[in-house]
Amino acid sequence: MTQLKTVIKFELNSYFKNKGYILATIIFSLILGVGLCIPRFLEMGGIIDNDDDKKTEQAAGNPDADKKDDKEIVLLYDTQGVITDTAYMDKKYPEYEWKKISDQKALEDQVNDETAVAGAVITGPTTFDYVVKNSAMYDDKKDMITDILSYNYRYNYMVANKIDPEKMETVIDTPIVSNNHILGKDSVGSFGYTYVLIFVIYLMIILYGQMIATSVTSEKSNRAIEVLVTSSKPEYLIFGKVIAGAIASFLQIAIVLGVGLVSYNYNASAWNGLLDTVFEIPTTVLIVFIIFLVSGFFFYSFLYASLGALVSKTEDISKSAGPVMFIFVIGFMLAMFGLNDPEGILVRVTSFIPFTSCYMMLVRAAMGTISVVEIIISAIISIGSSVLVGVIGAKIYRLGTLHYGNPIKFSTALKSVLKEKQ
């Protein structure tokens, strides 16, 4: 145990004396801390104004203050005389200037030279040809024209059948008021902090996993590993490196997020509660996050350390660690997909697989419905897998550290370890 403490202390000193580590901590803390102060700076400089009463007074004194001087033009070629109530367009969509035109060629020319942003050739009471220069993924103007035709169709029908259009529109436009009573999780409210926490897991594991692998390979390249292996047991070396990496990474993240939390609490009034859903994380979700972050970090860090011992040059690390990184990134992509379907079968199954549980359990705990028993079972599997990978990794580490030359394949190293055990 003394050797393990010595290795951890040595590795931590190398982190804390590393200028890159110190600078990264300071820079990210400053970016987050100062970034969250921007609304207050803007408010102090008079660029933004959070005084709602003042805004109300200004709006009352100048009702046209927010109107655009130059409105975008939308052309309508009504071949059938369908649109009889033109006031509806200006009232419902005042941000556009609606113009009728009597020639389709002229309409297309004006849209093509961008005099108008769009146009419509109305061919019947419920049909039209939409004209636009470049098609976008989402075009609200087409939906507006559809709404206008729908209104006019109803209006003309009511007039033809001697029904008062104003009374009927009042009935049709009667708002329906609803109140949400959420018995389970509020997925919309928890989306923000879940998204951030998933990114924290991704960045911590991928950055520090690479650092641990690089550290092992660097020791091999300068022959320092030969001295370390003869003075300490391989399991102490690999466990010491991973534990030190975990302490350094958790400390760095705690400092950065701590600065962000303090900065946001100080500037919360300037933000008007906009980021409350990101910083107000339930205790249960935090506990699940910590458990699976730690177990996932150790699981992947042991893999990275083992793979780092199988190569002799740092430039070979990316090739050796490629399969593990591919699986890790796939897990991250599945988690992003799982945010839209936290109750899906894919999320449920992958929340019990060690390679993906660090992501998926967080998604389920934050946005879905999950029992304490499921969390405990997944945690046991994840922690047990991390210990198993650590034990096997120590044997691979011992096999690979004194091997020089061409990289050893992970499958070959694993077979050698299993044969040795038999």
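Computed from the Cβ-Cβ distance with R0 of 51 Å, the FRET efficiency linking LYS71 to LYS319 stands at 0.30.
The length gained by stretching the chain between GLN3 and THR79 to full extension, at 0.36 nm per residue less their Cα-Cα distance, is 18.5 nm.
Computed from phi, the 3J(HN,Hα) profile of the range 34-39 under the Karplus parametrisation 6.51, -1.76, 1.60 (θ = phi - 60°) reads 6, x, 6, 8, 4, x Hz, with x in place of Gly and Pro. Peptides 77-83, 240-246 ranked from most to least packed give 240-246, 77-83, packing being the mean of other C-beta atoms within 10 angstrom over each peptide's residues. By the Stokes-Einstein formula, at 0.890 mPa s and 25 °C, the range 236-331 with its Kirkwood radius over alpha-carbon pairs has D equal to 152 µm²/s. Around the amide H of PHE128, modelled in the peptide plane, lie the amide H atoms of THR123, all under 5 Å away and 5 or more residues distant in sequence or on another chain. The solvent-accessible area of TYR88, taken with every protein chain present and a 1.4 Å probe, is close to 40 Å². Backbone phi angles across the range 101-114, fed through the Karplus curve with coefficients 6.51, -1.76 and 1.60 (θ = phi - 60°), yield HN-Hα couplings of 9, 10, 9, 5, 5, 5, 4, 5, 5, 5, 5, 5, 8, 6 Hz in residue order; Gly and Pro are listed as x.
Ranked highest first by the average count of other Cβ atoms within 10 Å around their residues, in what order do 284-291, 103-110 fall?
Taking the mean over residues of other Cβ atoms within 10 Å, the ranking is 284-291, 103-110.
Under 5 Å between amide hydrogens, built in the peptide plane, is the criterion, and for GLU97 it picks out GLU72, ILE73, VAL74 among residues at least 5 positions away or on other chains.
Multiply the residue separation of ASN156 and LEU346 by 0.36 nm, subtract the distance between their alpha-carbon atoms, and state the gained length in nm to one decimal.
Values: separation 190, 0.36 × 190 = 68.40 nm, distance 5.12 nm.
Once the chain is fully extended between ASN156 and LEU346, it gains 63.3 nm.
Normalising the average separation of contacting C-alpha pairs (under 8 angstrom, six or more residues apart) by the number of residues puts the relative contact order of the range 239-393 at 29 percent. Among the listed pairs LYS9/LYS415; LYS5/LYS319; LYS92/LYS141; LYS241/LYS395; LYS91/LYS167; LYS71/LYS167, those whose Cα-Cα separation exceeds 23 Å are LYS9/LYS415; LYS5/LYS319; LYS71/LYS167. Projection of the Cα convex hull of the range 279-387, averaged over all directions and equal to a quarter of that hull's surface, yields 7.4 nm².
The values are calculated or read from the model by the stated rules, or taken from the named source; none is laboratory data. Since the model is a prediction, treat every value here as computed from it, not as a measurement. Using ideal geometry, Cβ is built from the backbone for each residue, glycine included, and neighbour counts are taken over all protein chains shown. Heavy atoms of the whole protein, side chains included, go into the accessibility calculation; ligands, DNA and RNA do not. Shrake-Rupley method; radii C 1.70, N 1.55, O 1.52, S 1.80 Å.
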